[in-house]
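Enquirer: The structure's right below; bear with me while I get my questions together.
The values are calculated or read from the model by the stated rules, or taken from the named source; none is laboratory data. On a predicted model such as this, the values are computed, not experimentally measured, just so you know. Don't worry about glycine lacking a Cβ; one is built from the backbone with ideal geometry, like all the others, and counts go over all protein chains shown. Protein only, heavy atoms only, side chains kept; ligands, DNA and RNA dropped before computing areas. Shrake-Rupley method; radii C 1.70, N 1.55, O 1.52, S 1.80 Å.
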Protein chains: 2
Amino acid sequence: MSSADDSDKIFKALADHRRRAILDALKDEPKTTGALCDMFPQIDRTTVLQHMRVLEAAGLIVARREGRERWNHLNALPIKEIHDRWIGDYARNAVSLMARLKADLEP
Amino acid sequence: MSSADDSDKIFKALADHRRRAILDALKDEPKTTGALCDMFPQIDRTTVLQHMRVLEAAGLIVARREGRERWNHLNALPIKEIHDRWIGDYARNAVSLMARLKADLEP
DNA sequence: TTGACATGTTATATTTTTATAACATAATGT
DNA sequence: ACATTATGTTATAAAAATATAACATGTCAA
């Protein structure tokens, strides 16, 4: 199904704070491309589109054209994927790992 | 405490698959810098060191010198942090978000 | 102290990301 | 058809990340 390469794409897509902000903006409801661009007036429209392409390539955005608009939807499954296969394990064990760390570092 | 800037550092540090591999290598037990470098013979030692510096700056590696060796320990708390404040929420709601997505995309 | 080992730094080349401008297409209302 | 709106593409500049070589420091053991 999904290879390590896919995971890497997802991690890389999430690495940019503007891209995470775009996902946040799609969390409550889908938005048109124009509406999304309007939410980031400090960034050039072309730049937003480029970020969206990265998100789409990682499967985090699914879009459908309707008339002359394009509705962009969040797909959170890729996030769940890296959570399930990598991050969740670290997050779950963080406290006990921290205990070991402290024990190791103490004299 | 920990700002959005810190979160960004953590996401960026995790974006590279070699750095994630380094963390994986430290998961079971701490390792010396040399032992870590030996685990990645395909990468230059200097490159591994540079990656380690990125991980250390993000708080994911905590190190202590002992004699002429340096023991590198994993600190998973930063991962838990981005999990708690961002990823976990998406991962938890992924399935219901997916349901909405399907409903939206169906005619 | 001398040599070997373990680690670290600096400088620089290479590659990838990110940002932007200029141009292009496609749908809608009049 | 024509003007307008919404979106998308291509080319290129600018910045950041990554890789590597050359050099430097600190520790230990004989």
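Enquirer: Might you work out the accessible area of A:D28 for me, using a 1.4 Å probe with all protein chains in place, and round it to the nearest 10 Å²?
Expert: Accessible area of A:D28: about 120 Å².
Enquirer: I'd like to know which of B:L77, A:A4, B:A99 lies farthest towards the positive end of the charge dipole of the protein assembly as shown, counting +1 on Cβ of Lys and Arg and -1 on Cβ of Asp and Glu.
Expert: Towards the positive end, the residue furthest out is A:A4.
Enquirer: Moving to a separate point now. Within segment A:51-107, report the trypsin sites (Lys or Arg not before Pro) that DSSP leaves as loop and that have at most 11 other Cβ atoms within 10 Å.
Expert: Sites meeting the loop and neighbour criteria: A:R68.
Enquirer: Between A:A63 and residues 5 or more places away or on another chain, which pairs have amide H atoms under 5 Å apart, with H built 1.01 Å from N, and which residues are they?
Expert: A:H73
Enquirer: Suppose each label sits 7 Å from its Cα in the direction of the beta carbon; what would the A:D38-B:Q50 distance come out to in nanometres?
Expert: Here the modelled spin labels are 4.4 nm apart.
Enquirer: Can you pull the accessible area of B:W71 for me, 1.4 Å probe, Å² to the nearest 10?
Expert: 80
Enquirer: Within 15 Å, Cβ to Cβ, of B:E106, how many net charges do the neighbouring residues add up to if Lys/Arg are +1 and Asp/Glu are -1?
Expert: +1
Enquirer: Any chance you could count the Lys pairs in chain B whose alpha carbons are under 26 Å apart, treating pairs 8 or more apart or on different chains as valid?
Expert: The number of close lysine pairs in chain B is 8.
Enquirer: Determine the dipole magnitude for segment B:4-76: charges of +1 sit on the beta-carbon of Lys and Arg, -1 on that of Asp and Glu, nothing else is charged, the reference point is the Cα centre, and the result goes in debye to the nearest 20.
Expert: In total the dipole reaches around 160 debye.
Enquirer: With a 1.4 Å probe and all protein chains kept in place, how much accessible area does A:V54 have, in Å² rounded to the nearest 10?
Expert: The accessible area of A:V54 comes to roughly 60 Å².
Enquirer: Which shape class, rounded, prolate or oblate, goes with segment A:26-67 when its Cα gyration tensor gives a ≥ b ≥ c as root eigenvalues, a/c under 1.5 marks rounded, and past that a/b bigger than b/c marks prolate?
Expert: oblate
Enquirer: Kindly express, to the nearest 10 degrees and within the range 0 to 90, the angle between helix A:88-105's C-alpha long axis and the longest C-alpha principal axis of chain A.
Expert: With rounding to tens, the tilt is 40 degrees.
Enquirer: What's the Cα-based Rg to Rh of chain A, Rh via Kirkwood?
Expert: 1.14
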